[in-house]
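Novice: Handing you this structure, nothing more for now.
What follows draws every value from the coordinates through simple rules; no lab data is involved. Computed from a predicted structure; not experimentally measured. Cβ: placed from backbone, ideal geometry, glycine included. Neighbour counts: every protein chain shown.
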Amino acid sequence: MLSTENKPITNFEMPSKWIYRGEGNCNVVLSLPDTRKILRIRKTDRPKTLIAWLIIWISDILYWYCGKATKEELRDLKFYSAIMRPLIGRKYTSEVNQVILTRKQIKRLEYQLSNHRPDFRQNKILQYGRAALFDDFAFLPQDEYEYLPFKVTDDTFAVEIKPKQGWKPLSEKHFPRCLFCMNQYLKKEKRQIKEISEYCPEDLFSGNAVRMKCAIKSLIENPQNNFRIFKNGVLCYGEKLNSDIHKILPELFETINENSDKLREEFYELIQKCLITNLINIDCTEECEEKLFCEWNKIIQEANFNTLLPKGCVLEKILSIQMLDTEGSYYYSKLLSKENLKDWSYVNMLLNRINNTNTCLKCTIMMLGNTHRKEGDLDLICVPYMISAIAKDCSLMITLKKIKENISDDLEMKNIMKTGFGHYIVNIGVFDLYPKPLTTTFKKHYKRNRDIFETFTKATEKFVDFTSN
């Protein structure tokens, strides 16, 4: 739930110690290590003209006096708390506090961040009135280990993975490769990457141990922006970072003079085991998938899609949300080209609908799409795709802390993993679960997919028609 009774923190004091964790297209993320929190700040386009700067200045005043941005942020956080958290599972997600940063704090951060942010991201600036505070999954929650009768190491390691799209909707079954794999050719053509990654999301989501370890190996060898490792909240392995996995793994496993290949295999095994372990004791997501009338269950059966992922593990949770989309972006783009829709109206409409139903969330989402397809209500027809798109772009973090002493192998605890170098306490968090703008998302996905297929066809001489549905 949204904490502090939906009231934002208006007296937030920005700590002097913070770490630039990174940013995407919409948000800048700062780590606050002393409090083990993440501060997420929304971005907006950087003005390019004097008039644009004037509009931004006036907007800031309106945001202050009318609370427009505060209300928009509250809308997004309600969506996160009421829809995405229950779908993923509260065990895998963080509670959230809305934060109001002053104009002075925003301007100071803008200046301080200028040396940290990559050039291609500086086309956007921080947006006043749009910030939120989450748990930092790079650290292990103290309640995960304080009650245990074991001593743990001081160091905490965290592995961040952006898994991407793990299945093909019915309309994309004819594609020769998954979207991520085909997109590699476009990224290379645009010189966004140096070499094509061997990583395939469908391998990771397969649940097959061999395929999953192959996917993890590929992520390590070519991390791009899909794989990072942190030590005590500080990035120690990732894209454009001059680091060596062979130096990190001996620290993680606390061993010296060990064969590097053995360490890598042990690491693959550990991460794969974490990804397929159900850490949820009681799954209270109000699912009704075992019932014959479940709309989502019908879709899975019709798709004839098989995965070996155990029920309740983090990848199964993410995949089940991705599978809400059965049409693909082209179908919706055709609909949206005929209408003038608002980017955010579907969020409030969906929040209102779930407050008035006792059906499970997945069923509600699917029924909204199917029912309003007949009625022509495009805002709600598109809800399954929009929810799915969030899960296709989210990130997860596996946090590890080694237990110092030998413990019995008979100990049955979901959050303790055995390796050849001892036992580890594990926590898994999922983040980047915020609503996306409707028309902007479809236009972006439609153009991206068209460019992907044209580039892939040119590079491989395998023609792909993404309009066949």
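Novice: Using Cα centres only, tell me the gap between the range 74-125 and the range 244-268 in whole Å.
Specialist: Here the two parts' Cα centres lie 34 Å apart.
Novice: Further question: How large is log10 of I(q)/I(0) for the range 175-222 at q = 0.13, 0.14, 0.15, 0.24 Å⁻¹ when the intensity is taken from the Debye formula with one equal scatterer per alpha-carbon?
Specialist: -0.30, -0.35, -0.40, -0.86
Novice: Just grab the label-to-label distance for Asn115 and Lys231, each label 7 Å out from Cα along the Cβ direction, in nm (one decimal).
Specialist: Distance between the two pseudo-spin positions: 2.4 nm.
Novice: Sorting check: for 14-27, 313-326, which peptide has the highest mean count of neighbouring beta carbons within 10 Å, and how do the rest follow?
Specialist: Ranking, from highest mean packing down: 313-326, 14-27.
Novice: Further, regarding this structure: Gain in length, His246 to Arg353, computed as 0.36 nm per residue apart minus the alpha-carbon separation, to one decimal in nm?
Specialist: 33.4 nm is the gain from fully extending His246 to Arg353.
Novice: Then there is this: Which of the three applies to the range 129-204, rounded, prolate or oblate, going by the alpha-carbon gyration tensor with a ≥ b ≥ c and a/c under 1.5 meaning rounded?
Specialist: It is prolate, given that a/c is not under 1.5 and a/b is the larger ratio.
Novice: Taking neighbour Cβ counts within 10 Å as the exposure measure, how do Met84, Met367, Met349 sort from fewest upward?
Specialist: Arranged by neighbour count, lowest to highest, Met84, Met367, Met349 become Met349, Met367, Met84.
Novice: Looking at the P(r) of the range 55-203, how many percent of alpha-carbon pairs lie beyond 18 Å?
Specialist: For the range 55-203, the share of Cα pairs beyond 18 Å comes to 76 percent.
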